[in-house]
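One structure is given here, and the rest of the page talks about it.
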Amino acid sequence: GNGWVWFANPPMGPDPRALALQAEKALRLPQPSGDRSPSQSQTYHGYPYTYVNLWTWFWTDPASWKTRTATARAGGVSATVSVTPTALVFDPGDGSPSVTCAGPGRAWTSADGDEQPSNGGCGYRYLSATSQPLTSTQSIRWAVTWRASDGEAGTLPDLTTSRSGQLMVLQVESVVTR
C-alpha cells in the first residue's frame, strides 16, 4: 500500500557528543616525562636508584602540562573538546597507594635538601630496601570537556597517559662514593 513511515525519534543531525569523541581521538596527549630525583642517570648494577627514607622527587616536563583542544565537524555542527591536565600521579610500585599532586611537580634543587617536597614539589618516601628493581609509574590525569556549536556541552571520562621505569631502593650504606 501507500503507507506512511512514522519515526518515533525522527532522524537527527550529527550527535554533538559523538563528534566530541571523534575530536578526542584526534588528540595526541603526551606521556609524563618521568623525571625524578635522585636522577635516573645515576645507576647501581644498571638500575636507577633512590634510598630508603629519602624523599624521592618526581615531576613532568612543564611543556606537557597544558590544555589541548581539537574540533570535529559534520553536517553543519562542530564540537570542540578540551583536555586539561588535573593531576600528576606517582605509583611507587612497592604496593603502597599512589601519590597525587595537583600540578606537574618541579625539579629537586639543592636548596630543597632532604625536606618534604613543598612549593609545588611532589615526592614519595620508600620505607624499605628492595632486592629487585621496582617498576614505578608516573601518570598525568586529564579532564575532558566539550562544547558544540549548537550550544550543547558536557564532559567525557578522564584520560590518563603514563610512563613506567625501574628503580632500586637502597640502604644508604650500600653505595660508597669515592
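The values are calculated or read from the model by the stated rules, or taken from the named source; none is laboratory data. Nothing here was measured: the structure is a model prediction, and the numbers come from that model. No Cβ is skipped: glycine too gets one built from the backbone with ideal geometry, and neighbour counts run over all protein chains shown. Just the protein is used for accessible areas: all its heavy atoms, side chains included, with ligands, DNA and RNA removed. Shrake-Rupley method; radii C 1.70, N 1.55, O 1.52, S 1.80 Å.
Some notes on this structure:
- D94 acidic (D, E), within 21 Å of the chain's Cα centre (by Cα), closer than 20 Å to L159 by Cβ and open to solvent by 30 Å² or more (accessible area, probe 1.4 Å): no
- Among residues of region 92-146, those that are small (G, A, S) and within 17 Å of W65 (Cα to Cα), counted: 8
- Of everything listed in (1) farther than 18 Å from Q40 by Cβ; (2) open to solvent by less than 30 Å² (accessible area, probe 1.4 Å); (3) aliphatic (A, V, I, L, M), the single unmet condition for A102 is (2).
- Among the residues of region 60-77, those that are within 30 Å of N119 (Cβ to Cβ), in contact with a strand residue (DSSP E or B) (Cβ under 8 Å, 6 or more places away or on another chain), surrounded by fewer than 20 Cβ atoms within 10 Å (Cβ to Cβ) and not aromatic (F, W, Y) comprise D61, S64, K66, T67, R68, T69.
- Identity of the residue in region 133-178, part of a loop (DSSP other than H, G, I, E, B) and touching a residue at least 24 places away in the same chain (Cβ under 8 Å), that ends up surrounded by the most Cβ atoms within 10 Å (Cβ to Cβ): P133
- Residue in region 23-59 that is most open to solvent (accessible area, probe 1.4 Å), counting only those that are without any contact (Cβ under 8 Å) to a residue 12 or more places away in the chain and within 30 Å of T71 (Cα to Cα): R28
- Taking the criterion of being touching a residue at least 12 places away in the same chain (Cβ under 8 Å) and outside any loop (DSSP other than H, G, I, E, B), the only residue of region 102-115 that qualifies is D112.
- Within region 57-85, if we keep just the residues that are over 12 Å from the mean Cα position of the chain (by Cα) and β-branched (V, I, T), the residue that is modelled with the lowest pLDDT turns out to be V77.
- Here T80 fits the description: in contact with a Ser or Thr (Cβ under 7 Å, 6 or more places away or on another chain), buried (at least 17 other Cβ atoms within 10 Å of the Cβ) and among the hydroxyl-bearing types (S, T, Y).
- Looking only at region 68-101, and only at residues there that are assigned to a loop (DSSP other than H, G, I, E, B) and of a type in the set (S, T, N, Q), the one that is farthest from S33 (Cα to Cα): S96
- Of the numbered criteria (1) open to solvent by less than 60 Å² (accessible area, probe 1.4 Å); (2) part of a loop (DSSP other than H, G, I, E, B); (3) within 30 Å of P157 (Cβ to Cβ), the one S118 fails is (3).
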